[in-house]
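Each value in this text was obtained by applying a stated rule to the coordinates, not by laboratory testing. From a predicted model like this one, the values you see are computed outputs, not experimental measurements. Don't worry about glycine lacking a Cβ; one is built from the backbone with ideal geometry, like all the others, and counts go over all protein chains shown.
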Amino acid sequence: MLTYDRYVVASSLAEVFDILDAHPASRILAGATDILPWARYGRAGDVHLASVIDISKVPEFKYIRQSGNDLSFGAMTTIADFQNNSILREHAPVLAQCAVWFADDQIREQATVGGNVVNASPAGDSQPALLALNASVKLIRRENGSLLERSIPLEEFIHGPGKTAMLHKELVLGFECDSMRACGSAYEKVGHRRSLVISTVCLAVIAKAASNKSSLADIRIGIGAVGPVPKRLVDLEKALIGREITGELVHQIAEQASEFVNSRSRHEYRREVLVNFVERGIISAINQSGITVARFGEEQICA
């Protein structure tokens, strides 16, 4: 059960920080898709809050911008925006692929990327895709009347389930990413049920072909739900860049992914799924990038 003394729809950053100063234990609300499950089903038990601060009307949290190789968007960007916003679809198509797997249409319209990341769930769907985009989290706080901003890489922001690098009374303002326009991408996910599925394994891959169209100039592989925090498979990425891409090479690299499973349950299942996801995701992203490669054991064509 969730109860509160006051519910405030803030209209400015100043108002948000004024309420936080007066009621430091207030709960920030963005899309509100997780707060009732948080209060009901064991994560928090019965909860009474002095204030709930709804930030959905604060303009500083709502922006989507692109300049050169840089892409940025606010914490109030919804998962539906991943699919519907033309800038995000062009410069970060992996986000649209991620959104397809995220809950259902109604929840996607409400759920925000800021909330999904701040919750720091090991099964957070957006996290592998954001990692593959080299995302940094832009944070803001108020000290002695001044607004202070800082950025921290997403891989350093999430410390564990429900734990982040946010300071007291600090807010996620938005995210800064690489533009991956004209790159190939893939997203994979599996869970325990068909609808509104919570990830058991999820993966995002972004690939950029070299000019020779037989090797990679860049590849990013992000994984989630197989351990307490999402990860970039940097060593596997390095082993693929600059080499002639064949199905056998991808298969050999994918086999190494099993060592990254560090979950509390279903270890063998997750290892098998992750290896298959890594192989399939790499090949799918590479094929989209302009390099044609078959799975190991099939006829291989590199052009």
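A straight chain from Asn144 to Ala294 at 0.36 nm per residue would run longer than the Cα-Cα distance by 48.1 nm.
The residues packed around Ser179, meaning those with a beta-carbon under 9 Å from its beta-carbon, carry a net charge of -2 if Lys and Arg are +1 and Asp and Glu are -1.
Can you tell me what percent of all Cα-Cα pairs in the range 2-54 are more than 15 Å apart?
Numbers: 628 of 1378 pairs.
Taking all Cα-Cα pairs of the range 2-54, the fraction more than 15 Å apart is 46 percent.
Rounded to whole numbers, the Karplus 3J(HN,Hα) couplings from phi for the range 230-245 are x, 9, 8, 8, 4, 5, 5, 4, 4, 6, 9, 5, x, 9, 5, 8 Hz, using 6.51 cos²θ - 1.76 cosθ + 1.60 with θ = phi - 60°, and x at Gly and Pro. Between 0 and 90 degrees, the angle of helix 267-289 with respect to the longest Cα principal axis of the chain falls at about 70 degrees.
If you take the square roots of the eigenvalues of the alpha-carbon gyration tensor of the range 133-194 and sort them as a ≥ b ≥ c, do you get rounded (a/c under 1.5), prolate (a/b over b/c) or oblate? Intermediate results must be reported in sequence, preceding the final value.
Working: a/c = 3.28, a/b = 1.61, b/c = 2.04.
Note, shape of the range 133-194 comes out oblate.
Work out, step by step, the length gained on full extension between Ala182 and Gln110: first 0.36 nm times the residue separation, then minus their alpha carbon distance; give nm to one decimal.
Details: separation 72, 0.36 × 72 = 25.92 nm, distance 2.87 nm.
Length gained, Ala182 through Gln110: 23.1 nm.
Annotated for the chain: lysine pairs at least 8 residues apart or interchain, Cα distance under 21 Å, count 12. A cut-off of 5 Å between modelled amide H atoms, ignoring neighbours fewer than 5 places along the same chain, links Ile28 with Ile53.
Taking all pairs of different Cα atoms in the range 1-156, averaging 1/r and flipping that mean, what Kirkwood radius in angstroms comes out? Before the final figure, lay out each step's value.
Working: mean 1/r = 0.0601 Å⁻¹.
Answer for the range 1-156: a Kirkwood hydrodynamic radius of 16.6 Å.
Taking the inverse of the mean reciprocal distance over all distinct Cα pairs, the Kirkwood hydrodynamic radius of the chain comes to 20.1 Å. Neighbours of Asn116 by Cβ distance under 10 Å: Lys/Arg scored +1, Asp/Glu scored -1, total -2.
Relative to one another, the C-alpha centroids of the range 236-267 and the range 1-37 are positioned 43 Å apart. Residue-wise HN-Hα couplings along the range 8-21, as the Karplus relation 6.51 cos²θ - 1.76 cosθ + 1.60 with θ = phi - 60° gives them from phi, are 10, 8, 6, 10, 7, 4, 4, 5, 4, 6, 4, 5, 5, 5 Hz; Gly and Pro carry x. Between the amide H of Gly174 and those of Ala75, Lys138, distances stay under 5 Å, these residues lying 5 or more places away or on another chain, with hydrogens modeled in the peptide plane.
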